[in-house]
Amino acid sequence: MSHQFPIRVYYEDTDMGGIVYHANYLRYIERARSAWVRDLGNDQNAMRDGGLVWVVRRIEAEYLATARFDDDLMVETTVRKITPARLVMEQVVRRAETPIFTAVVTAVCMNAKGQPVRLPAEIRALMR
């Protein structure tokens, strides 16, 4: 299962060199994950109201090429692994067909006390 999320690079996304500032790739992949979860039907507001939230536990990132103002990018999110306690995703940012940034993101659920908890079965089912 994979999800596609388009991004347009705005001037505010760039640094003094005119390229996308490195931290903005993390924003892009966060937006893509949020859109993916919403498109799956997982209401994060309801989840939070029920005492659970998604938390990024780990990100392994690699910068492969630069993006610039007004580039059209696509973020592809693919599930690598789902366990009872964590979700591991691969996210690739592409300009046309060229990968320019890749990340492996591990997310977990936490309760209102900030303790890790098992992913609810209905959420795991949505992502399979």
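Each value in this text was obtained by applying a stated rule to the coordinates, not by laboratory testing. Note that the coordinates shown come from a computational prediction; the quantities given were computed from them, not determined experimentally. Here the Cβ is made from the backbone with ideal geometry for all residues, glycine too, and neighbour counts use every protein chain on show.
Table for the structure above
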quantity	calculated
Amide H contacts of D71 (H built 1.01 Å from N, under 5 Å, at least 5 apart or other chain)	V9
Derived scalar couplings ³J(HN,Hα) [region 65-70; Karplus, 6.51 cos²θ - 1.76 cosθ + 1.60; whole Hz; x for Gly, Pro]	7, 9, 10, 10, 3, 6
Furthest towards positive pole of dipole, A23, I82, Y63, structure part region 2-126, Cβ charges	I82
Cβ charges +1 (Lys, Arg) and -1 (Asp, Glu), total dipole of the chain, debye	700 debye
Percentage relative contact order, the chain, counting C-alpha pairs under 8 Å, at least six apart	29 percent
Burial ordering of Y21, Y28, fewest other beta-carbon atoms within 10 Å first	Y21, Y28
Whole-Hz ³J(HN,Hα) from phi, Karplus 6.51 cos²θ - 1.76 cosθ + 1.60, for region 52-58, glycine and proline x	10, 9, 7, 9, 6, 9, 7
Under-5 Å amide H pairs with T14, H placed in peptide plane, nonlocal only	Y21
³J(HN,Hα) computed for each position of region 81-94 - Karplus, 6.51 cos²θ - 1.76 cosθ + 1.60, integer Hz, glycine/proline x	7, 10, 10, x, 10, 8, 10, 10, 10, 9, 10, 10, 9, 10
0 to 90° range, to nearest 10: angle between helix 24-40 axis and the chain longest Cα axis	40 degrees
Rounded Å value of the spacing that divides the Cα centres of region 1-52 and region 107-128	19 Å
Extension gain from M16 to R118, taking 0.36 nm per residue of separation minus the Cα-Cα distance	32.4 nm
